[in-house]
Every structure is written in C-alpha cells, then in structure tokens.
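Structure record follows, encoded as structure tokens.
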Amino acid sequence: MARPKSNELTAAEQKIMQVLWQRGPLTVRDIATELSQEQQVAYTTVQTLCRILLDKGHVSCEKQGKAFLYQATTVQQEARSQALLALVKKFFGGSPDLLAQHLIAETVISAELAAQLQQKIDLAGTTAQAQQTTPAGDKKTSDKE
C-alpha cells in the first residue's frame, strides 16, 4: 500500500529548495550541476524531484526555450516553520516545551548565548502579556479601573 502524500520536504527536496533559495530561478540542469558539486546526482533524479516539488506547490515552473525554469514559491522561513512543527509533533508529542528542554539539556551553550536567549524569552513574555485580550476582543485593562 502506498504511503499517504505529504507536503513536507524530503531531504533531497530540501537540497533542491536550498539551491533555489540561494541562487533564484534555475533550470534542472543548473540545479543538477550545483548539487553535483557536493555529491554526484543524476539529471533525471533532479527532474523528477522538481516535478514533485511542483506538485506539492513548493516551486513554480516556466518554459524558457527548450528548458523549464524552476523557482521557489515557498519562502525559506515558512519551510523551516513547517519542518519544525512536524518535528515537534513527531518526536515531542506536539510540545514545544519538551523540545526546548531537550535542546537545553543536550546542547552546550555559552553564557553569552544563554543571556541572548533569556532576553528573547523575556521579550516574548512581555509581548504576550501586552496582547492578552478580554473575551470581547478589547485590550485587557488594569484591575484598578
């Protein structure tokens, strides 16, 4: 039985997207040449992967002479967010807290990086408090009123 179709990027698709994000619109031949600098890859493999990316909606395709020019339509940040959400769901039961705890426990970080991360956490907390709203959608006011 075939596995269900997924919109997530495979490792090979991710490599092609990385090339398109860095270099802009390219032909299959140009993508294959770029990828082959790291590891030899067949033109037909790249062609098939580009068609799959097109079907998934991650790239657009425009005929240019005899070749097709592929361009990323998915923004890199969006792809990162989708991949991270899938990772959190798959390995951490959907809990970003567990992911953060795992990263802190498994990663050696400098005091400087820890301070930078703490500033971001503090800023996120301040922003979240400022955005709290009442059920009617109005900004929450102080209890003194």
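The values are calculated or read from the model by the stated rules, or taken from the named source; none is laboratory data. The model shown is predicted, which means the values in this text are computed figures rather than measured ones. Note that we place each Cβ from the backbone using ideal geometry, even for glycine, and neighbour counts take in every protein chain shown.
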- Note on the structure: Leu69 vs (1) touching an Asp or Glu at 6+ places or on another chain (Cβ under 6 Å); (2) in a helix (DSSP H, G or I): all pass except (2)
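Could you run through the range 49-66 and say how many residues are in a helix (DSSP H, G or I) and within 14 Å of Arg29 (Cβ to Cβ)? Let's see the steps before the verdict.
So in the range 49-66, the residues in a helix (DSSP H, G or I) come out as 49-56.
Next, from what is left, pick out any that are within 14 Å of Arg29 (Cβ to Cβ): 49-50.
Residues meeting the conditions: 2.
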- Query: For the range 1-50, how many residues are of a type in the set (A, V, I, L, M), out of contact with any His (no Cβ under 9 Å at 6 or more places or on another chain) and under 20 Å from Leu85 (Cα atoms)?
  - Reply: 2
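Can you name every residue in the range 7-36 that is in a loop (DSSP other than H, G, I, E, B) and modelled with pLDDT of 95 or more? If you could, list the steps in order and put the result at the bottom.
So in the range 7-36, the residues in a loop (DSSP other than H, G, I, E, B) come out as 7-10, 24-25.
Scanning the range 7-36 gives Gly24, Pro25.
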- Message: Anything in the range 37-86 that is touching a helix residue (DSSP H, G or I) at 6+ places or on another chain (Cβ under 8 Å), modelled with pLDDT of 95 or more and among the aliphatic types (A, V, I, L, M)? List them, or say none.
- Response: Val41, Ala42, Val46, Leu49, Ile52, Leu53, Val59, Ala72
- Taking Val46, is it part of a loop (DSSP other than H, G, I, E, B) and either aliphatic (A, V, I, L, M) or within 19 Å of Arg23 (Cβ to Cβ) (or both)? no
- Note on the structure: Note on the range 50-83: residues free of Cβ contacts under 8 Å to residues at least 40 places away in the same chain and under 13 Å from the mean Cα position of the chain (by Cα) are Thr73, Val75, Gln77, Glu78, Arg80, Ser81
- Taking the range 89-118 on its own, how many of its residues are among the aliphatic types (A, V, I, L, M), assigned to a helix (DSSP H, G or I) and farther than 23 Å from Glu8 by Cβ? 7
